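Single-structure report; data block below.
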Amino acid sequence: MVAEIIDGKKIAGEIRTGLKPRLAKLADAGNVAGLAAVLVGENAASQLYVKMKSKASEEMGMAHWTIQLPEDVSEARLLQEIGRLNSDPKVHGILVQQPLPSQIRVEAAVAAVSPLKDVDCFHPVNVGLMLIGRPRFAPATPSGVVELLMRSGNDPSGKHVVILGRSNIVGKPLAALLMQKAPGANATVTIAHTATKEIAAHTRRADILAAAMGSPRFLKADMVRDGAVVIDVGINRVPDPTAKGGYRTVGDVDFDAVKQKAKAISPVPGGVGPMTIAMLLSNTVSAGEIASKAAGPAPP
Ligand SMILES: NC(=O)c1ccc[n+]([C@@H]2O[C@H](COP(=O)([O-])OP(=O)(O)OC[C@H]3O[C@@H](n4cnc5c(N)ncnc54)[C@H](OP(=O)(O)O)[C@@H]3O)[C@@H](O)[C@H]2O)c1
């Protein structure tokens, strides 16, 4: 079997097109959805991610701002900046790009963002709402995975999903989404991590596999059962003298081998990455709608 490729770029494009009427409605009420990204330090990958999010906002006609702070910024100064964005009515969504330098507590930065502007869905209140099945915002990467599954005809309902990785950004919220008694969910979920014994014994039982480990090409063909659906969340740079710049971006899945066995597989790049951005934009539009509703009708 050679797997169908799940085209994240195309599906993300469909989601972005679906946002246009909502953006137009906001504009009719005098509002432009706006996303502010806070970037601390010079981490090249973070700079690239923020640039891609800004470019996508621009393409959608949304307002966007990047607040660049130095690597040695104090936690107090960062929280002050987040507070300023919380009270700016033009800013509907705020994201604080991770990783953050060691002098800043991630939990303090995450909790400082207003839950009504927390378009990454990292605030404990929003995580809790998601867990109990009443999400305000859907966490961008995990909900991007769910959309990839649903829109490629691979409904997780009744399926055994094995997730590799238990981070607060990907693994845990993905498990929380997939276990809900709701459309696009209803899966039986297993999470594997570094303390899991015999990982392959778990992965071989999966109908759907989601790899989010940050371990290049970890998931090999002999760990995947025939006909499984494989979603690769990983983004890893590996040295490659044949590639421009001397490195290549690969996922957590040994793509060439696994695609010979899987029913469907998402590539890296071009899989989950564009979906994360599309879901972030979608959350920002939702945040704009929440703010617009709270503000009431525009003055005549
Ligand atoms: N496409 C996107 O938009 C997007 C968005 C976010 C992240 N990512 C990518 O997704 C990957 C994961 O990101 P993350 O933020 O979740 O990473 P993370 O915080 O480093 O978490 C990695 C998780 O994988 C587990 N793990 C790592 N190596 C393992 C191994 N050999 N065996 C079993 N479990 C292992 C870790 O287990 P322990 O908990 O036991 O340490 C941890 O739970 C990265 O490549 C990242 O770049 C992509």
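Summary table below
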{"read-out": "Answer residue from the range 223-245, given it is surrounded by fewer than 23 Cβ atoms within 10 Å (Cβ to Cβ), under 23 Å from residue 147 (Cα atoms) and of a type outside the set (D, E, K, R) and is farthest from the ligand (Cβ to nearest atom) among those", "value": "227"}
{"read-out": "Residue in the range 188-203 that is under 16 Å from the mean Cα position of the chain (by Cα) and modelled with pLDDT of 95 or more present", "value": "no"}
{"read-out": "Some residue of the range 248-266 being in a loop (DSSP other than H, G, I, E, B), over 14 Å from residue 10 (Cβ atoms), near the ligand (Cβ under 10 Å from one of its atoms) and among the hydrophobic types (A, V, I, L, M, F, W, C)", "value": "no"}
{"read-out": "Selection within the range 1-21 - farther than 20 Å from residue 54 by Cβ and surrounded by 15 or more Cβ atoms within 10 Å (Cβ to Cβ)", "value": "3, 4, 5, 6, 7, 11"}
{"read-out": "First in the range 166-191 and on the phi > 0 side of the Ramachandran plot, second anywhere and not in a helix (DSSP H, G or I), Cβ under 6 Å, 6 or more apart", "value": "186/157"}
{"read-out": "Test: residue 300 is over 21 Å from residue 155 (Cα atoms), modelled with pLDDT of 95 or more and surrounded by fewer than 20 Cβ atoms within 10 Å (Cβ to Cβ)", "value": "no"}
{"read-out": "The range 148-164: number of residues that are small (Gly, Ala, Ser) and either without any contact (Cβ under 8 Å) to a residue 24 or more places away in the chain or under 14 Å from residue 230 (Cα atoms) (or both)", "value": "2"}
{"read-out": "Candidate set: the range 199-222, residues that are away from the ligand (no atom under 14 Å from the Cβ) and outside any loop (DSSP other than H, G, I, E, B); chosen: the one farthest from residue 267 (Cα to Cα)", "value": "222"}
{"read-out": "Pick from the range 106-138, criterion within 16 Å of the ligand (Cβ to nearest atom) and assigned to a loop (DSSP other than H, G, I, E, B), ranking: farthest from residue 282 (Cα to Cα)", "value": "122"}
{"read-out": "Output for the range 102-160, where each listed residue is among the aliphatic types (A, V, I, L, M), in contact with a strand residue (DSSP E or B) (Cβ under 8 Å, 6 or more places away or on another chain) and closer than 30 Å to residue 4 by Cβ", "value": "145, 148, 149"}
{"read-out": "Single match in 141, 196 (criterion: assigned to a loop (DSSP other than H, G, I, E, B) and hydroxyl-bearing (Ser, Thr, Tyr))", "value": "196"}
{"read-out": "Scope the range 56-98; condition hydrophobic (A, V, I, L, M, F, W, C) and in a helix (DSSP H, G or I); matching residues", "value": "56, 76, 78, 79, 82, 85"}
{"read-out": "Considering residues of the range 27-46 that are more than 22 Å from residue 79 (Cβ to Cβ) and surrounded by fewer than 19 Cβ atoms within 10 Å (Cβ to Cβ) only, the residue nearest to the ligand (Cβ to nearest atom)", "value": "45"}
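The values are calculated or read from the model by the stated rules, or taken from the named source; none is laboratory data. Quantities reported herein were computed from a predicted structural model and do not represent experimental measurements. Here the Cβ is made from the backbone with ideal geometry for all residues, glycine too, and neighbour counts use every protein chain on show.
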